[in-house]
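These notes are about the structure you will find just below.
The values are calculated or read from the model by the stated rules, or taken from the named source; none is laboratory data. Note that the structure is predicted; figures quoted are calculated from it, not measured. Please note: Cβ atoms are built from the backbone with ideal geometry, for glycine as well, and neighbour counts cover all protein chains shown.
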Amino acid sequence: MKTTLLILTLMGALVHIAAMPPKAYADETQSARQSTTTLRIDDMSTPACPALVEAAVAKVRGVESVKASLDTKTAIVYYDASQSAPRDFMLAIRKDVGFHSEIQQ
């Protein structure tokens, strides 16, 4: 029984690995599309602000993740550049939260 379970587990792992794209191809595809932008948001002033900014930006198509910080008054956005651009995040922040933002150089 234990041997059968072990064999089935190993077979499942092999099927999963075989279905994955080759690592070199996956890395090349990911890096070609993934971009990172840091936005400066001076209007953030309370502990609730980062969550509001993150929620607004997360709704933009192509956003993979976003992390806003009250301490640095910034938001770092990881996104698919073929689907969105920094201007989209800035507009979402203005529309949903009412804050001005700009690209941090």
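Check Lys67, Lys95 and return the single one that is at pLDDT 95 or above, part of a helix (DSSP H, G or I), touching a helix residue (DSSP H, G or I) at 6+ places or on another chain (Cβ under 8 Å) and not small (Gly, Ala, Ser).
Details: Lys67 fails: part of a helix (DSSP H, G or I).
None of the other options fit; the residue is Lys95.
Here is a yes/no grid of residues against (1) among the aliphatic types (A, V, I, L, M); (2) surrounded by 14 or more Cβ atoms within 10 Å (Cβ to Cβ); (3) in contact with a Lys or Arg (Cβ under 9 Å, 6 or more places away or on another chain):
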position: Ser35; (1), (2), (3): no, yes, no
position: Pro50; (1), (2), (3): no, yes, yes
position: Val60; (1), (2), (3): yes, yes, no
position: Val63; (1), (2), (3): yes, yes, no
position: Val66; (1), (2), (3): yes, yes, no
position: Pro86; (1), (2), (3): no, yes, no
position: Phe89; (1), (2), (3): no, yes, no
position: Phe99; (1), (2), (3): no, yes, no
position: Gln104; (1), (2), (3): no, yes, yes
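Just wondering, is there one or more residues in the stretch 50-64 that are without any contact (Cβ under 8 Å) to a residue 40 or more places away in the chain, in contact with a strand residue (DSSP E or B) (Cβ under 6 Å, 6 or more places away or on another chain), among the β-branched types (Val, Ile, Thr) and in a helix (DSSP H, G or I)? Give the steps one after another, and end with the answer.
Of the residues in the stretch 50-64, the ones without any contact (Cβ under 8 Å) to a residue 40 or more places away in the chain are 50-51, 54, 57-64.
In the following step, the residues that additionally are in contact with a strand residue (DSSP E or B) (Cβ under 6 Å, 6 or more places away or on another chain) were identified as 50, 54, 57-58, 62-64.
If we keep only those that are among the β-branched types (Val, Ile, Thr) too, we end up with 57, 63.
Pick out the ones that are also in a helix (DSSP H, G or I) and you get 57.
Yes, there is a match, as at least one residue in the stretch 50-64 is without any contact (Cβ under 8 Å) to a residue 40 or more places away in the chain, in contact with a strand residue (DSSP E or B) (Cβ under 6 Å, 6 or more places away or on another chain), among the β-branched types (Val, Ile, Thr) and in a helix (DSSP H, G or I).
List, please: which pairs have Cβ atoms under 8 Å, are six or more places apart or on different chains, and start with a residue in the stretch 83-105 that is free of Cβ contacts under 8 Å to residues at least 40 places away in the same chain and end with one that is among the charged types (D, E, K, R)?
Partner pairs satisfying both residue conditions: Gln83/Arg61; Ser84/Arg61; Asp88/Arg61; Ala92/Lys59.
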